[in-house]
Each structure stands twice: as structure tokens, then as C-alpha cells.
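Following: one structure in C-alpha cells, then a few remarks.
Each reported figure results from applying straightforward, stated rules to the coordinates on display, with no laboratory input. The structure displayed is predicted, hence computed values, not measured ones. Counting neighbours? That spans all protein chains shown, and the Cβs are built from the backbone with ideal geometry, glycine included.
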């Protein structure tokens with residue numbers, strides 16, 4: 001397919017971030033994870049998004065700085081390529097956070113609801129509340145990633161969007177029902193505990209947001225030959241990452 005000349009001119013002038021946003025809109029978020037992976041496997045290596053966008057970023061910067069010092073141009077190209085690669089990695093990292101645990105969350109939701117209907121302990125209720133809070137924290141993290149790095153655009157693949165929205169809606173309805181029942185029963189102590197847990201959601205979400213960003217940055221630093229920076233950026237999150245590795 002031959003692109004119109006005006007479209008070609010527009011694409012040539014795109015910033016690294018704009019190139020990644022174009023990729024998100026046209027090649028990524030309308031696909032399922034399986035469809036996206038199949039596309040990566042079937043297309044030639046030079047068409048892979050990270051490789052292709054890296055070359056495009058370099059060409060754009062070199063054209064814009066053709067009369068500048070070659071060392072400055074090289075540095076600008078490296079910075080632009082790192083920015084684009086970070087954004088692509090962050091999109092992948094965010095989707096992984098949703099899809100990796102989605103099946104486990106369904107099992108947890110089903111198991112806990114079943115036990116709760118059988119009239120088992122209040123501990124199960126608290127486990128469900130915690131699961132709901134976990135999903136709300138993840139919602140906060142995804143919103144922050146979208147707002148701070150992708151101009152408010154959605155970064156989730158189609159199936160990641162669908163499963164997350166269903167699980168989140170289910171648990172938010174559950175939490176709203178729990179709060180209403182506690183109010184009607186006059187259970188002020190339990191209601192206060194529920195509100196305390198809700199207040200922690202933003203803090204947990206901010207922590208999760210930072211961890212996802214750090215993981216994407218670490219990968220980029222490593223790939224661009226800076227292992228020290230790759231380790232340093234993960235240092236504040238070693239406890240969570242070590243725990244996740246041990247659980248896995």
C-alpha cells in the first residue's frame with residue numbers, strides 16, 4: 001500500500017512518543033494478546049515494532065539535526081530511541097500485569113464467593129475485599145500510566161481491557177454491596193475498617209505504578225548497555241519483585 005505524500009511527511013516529523021502512540025492506535029490495542037504475538041511471529045524481523053520504530057526515530061532526528069555536531073546527533077538519537085523503547089516496554093509491562101494473573105483472579109473470585117455463600121468465616125469476606133482493593137489499585141496504576149506517559153490514551157490490548165473491566169466491575173459492585181450492608185447493620189467498626197482499606201488503595205496504586213515504570217526503564221537501560229542504571233532503578237521495588245519471583 002502506497003501512503004499519500006502528506007501522510008508520509010507527517011509521519012517523518014513525528015516525535016518518539018507520537019510514533020509509539022501511532023503504533024498503539026493502529027497496530028496494538030485493537031488486537032488480543034494472541035493476535036499480537038502471532039503478528040510478531042509472522043512478520044519479518046525488520047517490521048517488529050521496537051526495531052522499526054527505533055529506525056524511524058533515528059531517521060527523523062538525523063534529518064532534523066543534519067547540520068549539527070555528529071556527537072550531538074548521536075546522543076539525541078540514543079535518547080530518542082530509549083524514550084520510544086521505554087514507552088513500548090511500558091505498554092507491554094502494563095498488559096502483562098493484567099493478563100498474567102487474570103486466570104488466577106477468576107479462580108480466587110469464584111472460590112471466595114462460593115465459600116462465602118456457604119456462610120464461612122468473616123476472613124473470607126476480608127479476602128474478597130482485599131482482592132477488590134487490589135484491582136482498584138491496579139486501575140489507579142493503569143490510569144496514571146495512561147495519563148503521564150500516553151497522553152491519556154488506553155494502552156491495553158483488547159482482551160486485557162475486557163477481562164480487567166469485567167473483574168473490576170464485579171468486585172466494585174461487591175464492595176459497594178458490602179459497604180451498604182455494613183451501614184444498614186450499623187456495623188460502624190467494620191465500616192471504618194473497610195474505609196481504611198479503601199484509603200490504602202491510592203497508595204498501593206501509586207506503588208504499583210512506580211514499579212511498572214521502573215521495570216520498563218530497567219529493561220531499556222539493560223538493552224542500551226547500562227546495567228548499573230538497570231539495577232538502580234529497581235532498587236526501591238526489590239521487596240515486591242523478590243516476593244513475586246519466589247511465588248512464581
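Determine the principal axes of the Cα atoms in the range 5-247, then give the extent along each, sorted from largest to smallest and rounded to whole angstroms.
Projected onto its principal axes, the Cα set of the range 5-247 covers 74, 36, 30 Å.
What is the spin-label model distance, in nm, from residue 188 to residue 240 if the labels are put 7 Å beyond Cα along the C-beta direction?
Placing both labels 7 Å beyond Cα along the Cβ direction yields 3.6 nm.
What distance in nm lies between label points placed 7 Å from Cα along the C-beta direction at residue 46 and residue 224?
Label-label distance for residue 46 and residue 224, simple model: 2.5 nm.
Would you mind putting 158-170, 91-103 in packing order, based on average other-beta-carbon counts within 10 Å, highest first?
Highest to lowest by the protection proxy: 91-103, 158-170.
Applying a 10 Å radius around every beta-carbon, put 32-45, 51-64, 225-238, 77-90 in order of their mean neighbour count, most first.
By packing density, highest mean first, the sequence is 77-90, 51-64, 225-238, 32-45.
Assuming 0.36 nm per residue, please report the length gained on full extension of the stretch residue 207 to residue 34 beyond their Cα-Cα distance.
Result: 59.4 nm gained on full extension.
For an R0 of 45 angstrom, estimate the FRET efficiency from the Cβ-Cβ distance between residue 111 and residue 55 and round to the nearest 0.05.
Given R0 = 45 Å and the Cβ-Cβ separation, E is 0.40.
Just to compare against my own numbers: the Cα pair-distance distribution for the range 15-116, 10 Å bins, whole % per bin, please.
In whole percents, the pair-distance histogram is 13, 34, 25, 15, 8, 4, 1, 0.
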